[in-house]
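Here the structure is laid out as structure tokens; the discussion comes afterwards.
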Amino acid sequence: MNRFLLARPDSVLRATGERTRFPDPEQAVAALRKRRSGAGAGPRLVVGALPFDPTEPAALWQPETALHTAGPWRPAALPPLPDVRVIAQVPSPADHLARVEKLVRTLGEPGADLRKVVAARTMLIEADAVLEPEVVAGQLLTRYPGANVYAVDLTAAGRPGETLLGATPEVLLARHGARVSLHPLAGTLPRLADPAADAEQARQLLASGKNHDEHRYVVEWIRERLTPECAELHIPAVPELLSTEQVWHLATPIHGVLRDPARTALELALLLHPTPAVNGTPFAAALAAITADEPRRGFYGGAVGWCAEDGDGEWVVAIRGAELAADRRTLRASAGGGLVAASEPEAELAETTAKFRTLLGALGCHVPED
């Protein structure tokens, strides 16, 4: 039975069962429009996940039942998780460094078309016993109550029994009525244990030209795509700091009012995804660089969310998580970092290591030393 959970700090949506699946997101858009226009019996709600690569099948479906509640999710007493361990890194840290060095050289070439690209690496994790998605999600929420925790069955994408899990800080887009809001993140430094050093780390991020460049590409992508869609669009001139337990981010809260209130949250998510925060810029060149050198990302860097028949919906970026295999004992976790011409490979490796700690910390597993 397909299951969906998106627990945001102020609301929780749970859905179960499957009536109709939509491997092509445009099929879901058309079905929602049909329902809204009264032209036929379309879905009242679509839930699921978009893959990183828009050419791959989505895990979107119309559920049989759904419950949307206000307020945070408060999991009941959670059973302990089985012991887990990292069994492989793909590529190895050394190979990831070499790839980053190569990409940075490409970015720095005179007249280079590619201006930013997100390079990711993967850790394969094995558990001593079965991992229940609901329990893992509960452990993530308990540790990171301010995150957007998700658990999405991937059966609708032709991957029966697999589950996408994570706790993301990044909101791709939320639409409620004619109003839209986004909170893109790009530009990152790891948190430090010493409070004084950590405060200095935050100041360095705010002063970093490299990280501001990386962030600006994301904001300009959003501005370019939403300006025609919005009668009003408010984008602060400079980003602010956002902290998680593991990293500091540059973040920009964006708000707008739609010109056409018939535009659905799913349509807007498809218009924006994948942003330069997970892909790069220009879009096609970055996507080509990623798919040429990386293993298939699947749903890492994708989006998780829902869209109702009235067009309202919420979509978050599928980062800080993993894909749980059908055996429920094997996890494939990925983490990436945005590269620009001024990137330093060792710092980029450290950034991905810090990002892995979100999931591995909740699993009680240590990140291997690089």
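The values are calculated or read from the model by the stated rules, or taken from the named source; none is laboratory data. Predicted model only: the values in this text are computed from it and were never measured. So basically every Cβ, Gly included, is an ideal-geometry build from the backbone, and we count neighbours across all protein chains shown.
Data table
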{"read-out": "Test: residue in region 169-180 that is in contact with a Phe, Trp or Tyr (Cβ under 8 Å, 6 or more places away or on another chain), buried (at least 24 other Cβ atoms within 10 Å of the Cβ) and within 20 Å of P72 (Cα to Cα)", "value": "yes"}
{"read-out": "Selection from region 256-274 of residues that are loosely packed, with under 15 Cβ neighbours inside 10 Å and closer than 18 Å to H183 by Cβ", "value": "L271"}
{"read-out": "Residues of region 341-367 classified as of a type in the set (A, V, I, L, M, F, W, C), over 25 Å from A289 (Cα atoms) and assigned to a helix (DSSP H, G or I), total", "value": "4"}
{"read-out": "Every residue from region 328-356 that is touching a Pro at 6+ places or on another chain (Cβ under 8 Å) and buried (at least 24 other Cβ atoms within 10 Å of the Cβ)", "value": "G338"}
{"read-out": "Pick from region 5-19, criterion closer than 17 Å to T163 by Cβ and free of Cβ contacts under 8 Å to residues at least 60 places away in the same chain, ranking: surrounded by the fewest Cβ atoms within 10 Å (Cβ to Cβ)", "value": "G17"}
{"read-out": "Number of the exception - A66 against (1) in contact with a Ser or Thr (Cβ under 7 Å, 6 or more places away or on another chain); (2) over 16 Å from R297 (Cα atoms)", "value": "(1)"}
{"read-out": "Some residue of region 90-101 being surrounded by 13 or more Cβ atoms within 10 Å (Cβ to Cβ), not hydroxyl-bearing (S, T, Y) and not in a helix (DSSP H, G or I)", "value": "yes"}
{"read-out": "Test: residue in region 288-304 that is surrounded by fewer than 24 Cβ atoms within 10 Å (Cβ to Cβ), of a type in the set (A, V, I, L, M, F, W, C) and within 30 Å of A31 (Cα to Cα)", "value": "no"}
{"read-out": "Single residue of P236, P253, P274 found to be more than 20 Å from the chain's Cα centre (by Cα), at pLDDT 95 or above and within 23 Å of T168 (Cβ to Cβ)", "value": "P236"}
{"read-out": "Residues that are under 21 Å from A197 (Cα atoms) and surrounded by fewer than 18 Cβ atoms within 10 Å (Cβ to Cβ), drawn from region 229-253", "value": "E240, L241, S243, E245"}
{"read-out": "Criterion violated by R263 - all others in (1) of a type in the set (K, R); (2) touching a helix residue (DSSP H, G or I) at 6+ places or on another chain (Cβ under 8 Å); (3) farther than 20 Å from R115 by Cβ satisfied", "value": "(2)"}
{"read-out": "Selection within region 109-121 - surrounded by 24 or more Cβ atoms within 10 Å (Cβ to Cβ) and either in contact with a strand residue (DSSP E or B) (Cβ under 6 Å, 6 or more places away or on another chain) or outside any strand (DSSP E or B) (or both)", "value": "K116, V117, V118, A119"}
{"read-out": "Members of region 33-53 that are modelled with pLDDT of 95 or more and out of contact with any Lys or Arg (no Cβ under 8 Å at 6 or more places or on another chain)", "value": "L45, V46, V47, G48, A49, L50"}
{"read-out": "Selection within region 1-36 - small (G, A, S) and over 19 Å from the mean Cα position of the chain (by Cα)", "value": "A15, G17, A28, A30, A31"}
{"read-out": "Listing of strands (runs of 3 or more DSSP E) fully contained in region 239-340 that carry 1 or more residues being over 18 Å from E224 (Cβ atoms) and among the hydrophobic types (A, V, I, L, M, F, W, C)", "value": "240-243, 247-251, 302-308, 313-318, 321-324, 330-339"}
{"read-out": "Residues (surrounded by fewer than 21 Cβ atoms within 10 Å (Cβ to Cβ), in contact (Cβ under 8 Å) with a residue 60 or more places away in the chain and within 23 Å of P9 (Cβ to Cβ)) located in region 184-223", "value": "R191"}
